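Colleague: Pasting in a structure now, in structure tokens, and then I'll have a few things to ask.
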Amino acid sequence: MPPRTAVFFHAHPDDEALLTAGTMAMLAAEGHRVVLVVATAGERGLAEMEPGDELGETRLKELYESAALLGCARVECLGYGDSGLSPQGGVADERPDNAFIDADTEAAAKALAAILQEERADLLTIYDPAGGYGHPDHVQVHRVGRRAAKIAGTEIVLEATVNRDPLVRLLKLAGKVYRFPPEFDVRTFESAYSPGEAITHRVNVRRYARQKRASMAAHASQASGGDSDRTLAVMLKVPRPLYRFVFGTEWYVRRDLPPGARLRHPFDGWPA
């Protein structure tokens, strides 16, 4: 396979570590050019330090460290404000003036498209329409990314996601022996991410588990803060042999492929 260029578009620093780090490391190892773009600095995320510019600067530094570990050739931040964690991004008056969910979709798409065109990108990753677990900035990534790919003429668009079917089964089984806190509703996962039947790419990244784990660890600010264990902190506690198994697959949906497609590499199915 000749070298190609893949652009990974995420909402905040650390999102790349959770959903696409293994794929990024794999493509870089294969000689492809990997570009990481984030919409925001994640300055309103949970952490031990207070939300604001200092947190944003810290998270961008962590992003560059993660990108280096994964073999990225370029990192860009579009410079939008973090919209916050609530489903609607919080009260509008509390959001920054340039919050990503308030951005003009066309303008944001043109900013991303400019990078795609400059890089002559062959592939763009975004999120599924639900934005994974529904974070408003993730939903906006889907909208902006779809439009940017059309403007730039990027041929492959993959929606980074998770196969929700085994996740829902596992949570329901766990609920029989473990009492989840009242604010945790397992039913919300029934509409989060993507069903197995919609997934077109199951990418085996077990060979790159070390890089993926290191990418997660680079985002140290996101392993603390809040009232309970953070997602990253919990993931990094998984024993290394088990980590390779649990986080060894990354899932994507490619909408222009026929139903039932089952591919194993991001560039499989090229051209459409």
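The values are calculated or read from the model by the stated rules, or taken from the named source; none is laboratory data. Note that the coordinates shown come from a computational prediction; the quantities given were computed from them, not determined experimentally. Please note: Cβ atoms are built from the backbone with ideal geometry, for glycine as well, and neighbour counts cover all protein chains shown. The area values use the complete protein model at the heavy-atom level, side chains included, leaving out ligands, DNA and RNA. Shrake-Rupley method; radii C 1.70, N 1.55, O 1.52, S 1.80 Å.
Colleague: Report for the chain the percent antiparallel among DSSP-assigned beta bridges with both residues inside it, nearest 5.
Modeller: Bridges in the chain are about 25 percent antiparallel.
Colleague: Considering the options 7, 192, 248, tell which one lies farthest towards the positive end of the dipole of the chain, charges being +1 on Lys and Arg and -1 on Asp and Glu at the Cβ, about the Cα centre.
Modeller: Checking the options against the dipole of the chain, the answer is 248.
Colleague: While we're here: Please compute the length gained on full extension between residue 48 and residue 268, using 0.36 nm multiplied by the number of residues separating them and subtracting their Cα-Cα distance.
Modeller: Contour length minus the Cα-Cα distance gives 75.0 nm.
Colleague: Placing unit charges on C-beta atoms (Lys and Arg positive, Asp and Glu negative, everything else neutral), compute the dipole magnitude of segment 14-144 about its Cα centre in debye, rounded to 20.
Modeller: Dipole size: approximately 520 debye.
Colleague: Let me ask something else about it. Work out the FRET efficiency for residue 120 and residue 240 from their Cβ-Cβ distance, taking R0 = 35 Å, and round it to the nearest 0.05.
Modeller: Plugging the Cβ-Cβ distance into 1/(1 + (r/R0)^6) gives 0.40.
Colleague: If you take the beta carbon distance between residue 97 and residue 197 as r and set R0 to 41 Å, what does 1/(1 + (r/R0)^6) give as a FRET efficiency, to the nearest 0.05?
Modeller: 0.50
Colleague: FRET efficiency for residue 224 and residue 29, Cβ-Cβ distance as r, R0 = 35 Å, nearest 0.05?
Modeller: That pair, residue 224 with residue 29, gives E of 0.70.
Colleague: Which aspartates and glutamates does residue 212 reach when only Cα atoms under 18 Å apart count, and residues fewer than 8 places away in its own chain are ignored?
Modeller: Once the sequence-local aspartates and glutamates are set aside, what remains near residue 212 is 14, 15, 16, 30, 62, 65, 250.
Colleague: Just name one of 67, 80, 56: the one whose Cα is farthest towards the positive end of the charge dipole of segment 1-148 (beta-carbon charges, Lys/Arg +1, Asp/Glu -1).
Modeller: 67
Colleague: Moving on to the next point. Compute the distance in nm between two label points, each set 7 Å from the Cα along the Cα-to-Cβ direction, one at residue 167 and one at residue 249.
Modeller: 1.4
Colleague: Collect residues whose amide H, placed 1.01 Å from N in the peptide plane, falls under 5 Å from the amide H of residue 76; neighbours closer than 5 in sequence don't count.
Modeller: 36, 37, 38
Colleague: Amide H of residue 81: which non-local residues (sequence gap of 5 or more, or other chain) have their own amide H closer than 5 Å, using H built in the peptide plane?
Modeller: Hits under the 5 Å cutoff: 98, 99, 100.
Colleague: Here is a follow-up. If packing is taken as the mean number of other Cβ atoms within 10 Å per residue, what is the order of 36-45, 61-70, highest first?
Modeller: 36-45, 61-70
Colleague: So who's got an amide H within less than 5 Å of the one on residue 158, skipping anything under 5 residues away but keeping other chains? H placed 1.01 Å off N, in plane.
Modeller: Placed amide hydrogens put 124, 125, 126 under 5 Å from residue 158.
Colleague: Residue by residue through segment 252-257, which ³J(HN,Hα) values in whole Hz follow from phi under the Karplus form 6.51 cos²θ - 1.76 cosθ + 1.60 (θ = phi - 60°), with glycine and proline marked x?
Modeller: 9, 10, 10, 6, 8, 9
Colleague: What accessible surface, in Å², does a 1.4 Å probe find on residue 143, ignoring ligands, DNA and RNA and rounding to the nearest 10?
Modeller: 110
Colleague: Something else now. Mind listing the Cα extents of the chain along all three principal axes, in Å, largest one first?
Modeller: Per principal axis, max minus min of the Cα coordinates gives 50, 41, 32 Å.
Colleague: Would you mind getting the accessible area per residue of the chain, heavy atoms of the protein chains only, 1.4 Å probe, in Å²?
Modeller: Accessible area per residue: 48 Å².
Colleague: To the nearest 10 square angstrom, what accessible area does residue 250 show with a 1.4 Å probe?
Modeller: Answer for residue 250: close to 0 Å² accessible.
Colleague: Whenever you get a sec, line up 125, 249 from highest to lowest accessible area (probe 1.4 Å, protein heavy atoms).
Modeller: I get 249, 125, largest accessible area first.
Colleague: I would also like to ask the following. Based on the mean of other beta carbon atoms within 10 Å per residue, what is the order of 258-269, 203-214, most packed first?
Modeller: Going by the mean number of other Cβ atoms within 10 Å, highest first, we get 203-214, 258-269.
Colleague: Which whole-Hz ³J(HN,Hα) couplings does segment 230-244 yield from phi under the Karplus relation 6.51 cos²θ - 1.76 cosθ + 1.60, θ = phi - 60°, glycine and proline marked x?
Modeller: Once θ is set to phi - 60°, the couplings for segment 230-244 become 7, 4, 4, 4, 5, 4, 6, 7, 5, x, 3, x, 6, 4, 4 Hz.
Colleague: Any chance you could run the full-extension gain for residue 207 through residue 68? It's 0.36 nm times the residue separation minus the Cα-Cα distance, nm to one decimal.
Modeller: Difference between extended and current length: 48.3 nm.
Colleague: Direction-averaged shadow area of the convex hull around the Cα atoms of segment 18-145, nm²?
Modeller: Computed as one quarter of the Cα hull surface, the answer is 7.9 nm².
Colleague: I've got another one for you. If we sort 190-201, 147-158 on the protection proxy, mean other Cβ atoms within 10 Å, highest first, what's the order?
Modeller: Result, highest mean first: 147-158, 190-201.
Colleague: How big is the charge dipole of the chain about its Cα centre, in debye rounded to the nearest 20, if each Lys and Arg gets +1 on its Cβ and each Asp and Glu gets -1 on its Cβ?
Modeller: 1620
Colleague: Round to a whole angstrom and tell me the spacing of the C-alpha centers of segment 231-272 and segment 36-66.
Modeller: Between the Cα centres of segment 231-272 and segment 36-66 lies a distance of 25 Å.
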